[in-house]
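Novice: Okay, here's the structure, questions in a sec.
The values are calculated or read from the model by the stated rules, or taken from the named source; none is laboratory data. Here the structure is a predicted model, which is why all the values come from computation and not from measurement. Methodologically, a virtual Cβ is constructed for each residue, glycine included, from the backbone with ideal geometry; neighbour enumeration extends over all protein chains shown. Quick note on the areas: whole protein, heavy atoms, side chains included, nothing else; ligands and nucleic acids left out. Shrake-Rupley method; radii C 1.70, N 1.55, O 1.52, S 1.80 Å.
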Amino acid sequence: MIKIILWDIDGTLLDFNIAERTAMRECFSLFQLGECTDAMLAVYSAINAEYWRRLELGEVSKAQVMTGRFRDFFQAEQIPFDDVESFNQNYQIQLGNTICFMDDAFSLIQELQPYVKQYAVTNGALAAQKRKLQKSGLDKLLDGAFISDEIGAEKPSQAFFNHVLHTIDHPNRREILIVGDSLSSDMKGGSLAGIQCCWYNPHNKNNESEISVDYTIQNLNQIKTMITDQGQSL
């Protein structure tokens with residue numbers, strides 16, 4: 001029986017792709033860098049994803065992710081701009097300003113409130129995530145939020161999940177469910193921590209990894225069926 005849900009934020013509760021595109025274009029305008037085209041956004045997105053993959057593997061630090069991705073991007077696009085620290089600071093602000101819920105997630109969390117405790121678990125940068133939680137209203141709706149920058153460890157590390165589970169202090173880990181879009185971060189970390197794992201897979205991708213999950217859903221509202229199938233009433 002599910003009694004606690006750990007929600008990933010970016011790409012799960014909130015549409016990160018929309019926020020990323022908006023933030024990049026706002027920053028291009030702010031720093032007078034011209035047009036940020038769709039092709040440029042695709043290049044940046046690929047570079048960014050690779051940096052976060054390396055972070056999960058422990059190959060780079062969070063600080064290296066924050067600036068290295070932009071340095072590599074500007075070099076790849078041959079844009080003569082090197083103030084990547086200022087760009088990243090403004091990028092974090094813009095990320096936090098753009099709120100777009102996936103699958104009407106706000107209403108879903110409201111509906112689940114009487115039945116389960118709910119927390120956010122995120123690797124996102126502290127400034128952006130705090131802003132997102134506040135502007136979206138999730139800070140008041142959820143029972144709490146665990147941000148990697150505050151914990152000092154990233155998903156999928158044991159240190160991150162140990163901190164979360166110690167703080168929640170729920171004796172039966174199999175009554176805890178993590179919901180996220182990342183196999184390598186959310187699902188791997190949850191699996192290693194011994195909690196139930198629900199892969200949010202709206203684009204119906206194939207799981208070509210060795211990471212096993214308990215559930216796969218294409219819409220967040222399928223969580224309600226999972227809960228009722230286990231004998232809980234909504």
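Novice: Note down the relative contact order for the chain as a percent, whole number, built from C-alpha pairs under 8 angstrom at least six residues apart.
Specialist: 25 percent
Novice: Keeping every protein chain present and rolling a 1.4 Å probe, give me the accessible area per residue for the chain in Å².
Specialist: Accessible surface, normalised per residue, equals 48 Å².
Novice: Roughly what % of DSSP beta bridges within the chain run antiparallel, to the nearest 5?
Specialist: 5 percent
Novice: Moving to a separate point now. With +1 assigned to the C-beta of every Lys and Arg and -1 to the C-beta of every Asp and Glu, and no other charges, what is the dipole magnitude of the chain about the Cα centre in debye, to the nearest 20?
Specialist: The dipole of the chain has a size of about 480 debye.
Novice: Let me ask something additional. In segment 1-152, carbon and sulfur make up what percent of the accessible area (probe 1.4 Å)?
Specialist: Ligands and nucleic acids excluded, carbon and sulfur give 46 percent.
Novice: With labels modelled as points extended 7 Å from the Cα through the Cβ direction, what inter-label distance (nm, one decimal) is found for Ile79 paired with Ala63?
Specialist: Placing both labels 7 Å beyond Cα along the Cβ direction yields 2.4 nm.
Novice: Oh, and also: Which one of Ala193, Ile223, Asn207 has its Cα pushed farthest toward the positive end of the charge dipole of segment 185-234, where Lys and Arg give +1 and Asp and Glu give -1 at the Cβ?
Specialist: Working it through, the farthest residue towards the positive pole turns out to be Ile223.
Novice: Could you give the Stokes-Einstein D for segment 31-79 in µm² per second, using the C-alpha Kirkwood radius, 4 °C, 1.567 mPa s?
Specialist: 114 µm²/s
Novice: Could I ask something else about it? What is the ratio of the Cα radius of gyration of segment 156-227 to 2.2 N^0.38 Å, with N the residue count, to two decimals?
Specialist: Normalised Rg, Cα atoms only: 1.09.
Novice: Which one of Gln134, Gln78, Gln89 has the biggest mean-square fluctuation once the chain is modelled by GNM with Cα springs under 10 Å?
Specialist: Gln78
Novice: Residue-wise, which Karplus ³J(HN,Hα) couplings in Hz belong to segment 113-127, taking 6.51 cos²θ - 1.76 cosθ + 1.60, θ = phi - 60°, and x for glycine or proline?
Specialist: Values, residue by residue: 3, x, 10, 9, 7, 9, 9, 8, 10, 9, 8, x, 4, 4, 4 Hz.
Novice: Can I ask one more? Suppose accessible area is computed on protein heavy atoms with a 1.4 Å probe; arrange Glu56, Glu111 from highest to lowest.
Specialist: So, going from the largest accessible area down, we get Glu111, Glu56.
Novice: Among Ile79, Ile147, Ile99, which one moves the most in a GNM of the chain with springs linking Cα atoms closer than 10 Å?
Specialist: Evaluated over the chain, the most mobile residue of the options is Ile79.
Novice: A further question follows. Excluding ligands and nucleic acids, what accessible area in Å² is computed for Ser61 using a 1.4 Å probe, to the nearest 10?
Specialist: We get 50 Å² for Ser61.
Novice: For the chain, which longest stretch is free of loop sites, where a loop site is one of the trypsin sites (Lys or Arg not before Pro) that DSSP puts outside H, G, I, E and B and that has at most 16 other Cβ atoms within 10 Å?
Specialist: The reported range is 4-204.
Novice: Now, a different point. Check the straight Cα-Cα distances from Lys117 and name the lysines below 23 Å, setting aside those fewer than 8 residues away within the same chain.
Specialist: Once the sequence-local lysines are set aside, what remains near Lys117 is Lys3, Lys130, Lys132, Lys135, Lys140, Lys155, Lys188, Lys224.
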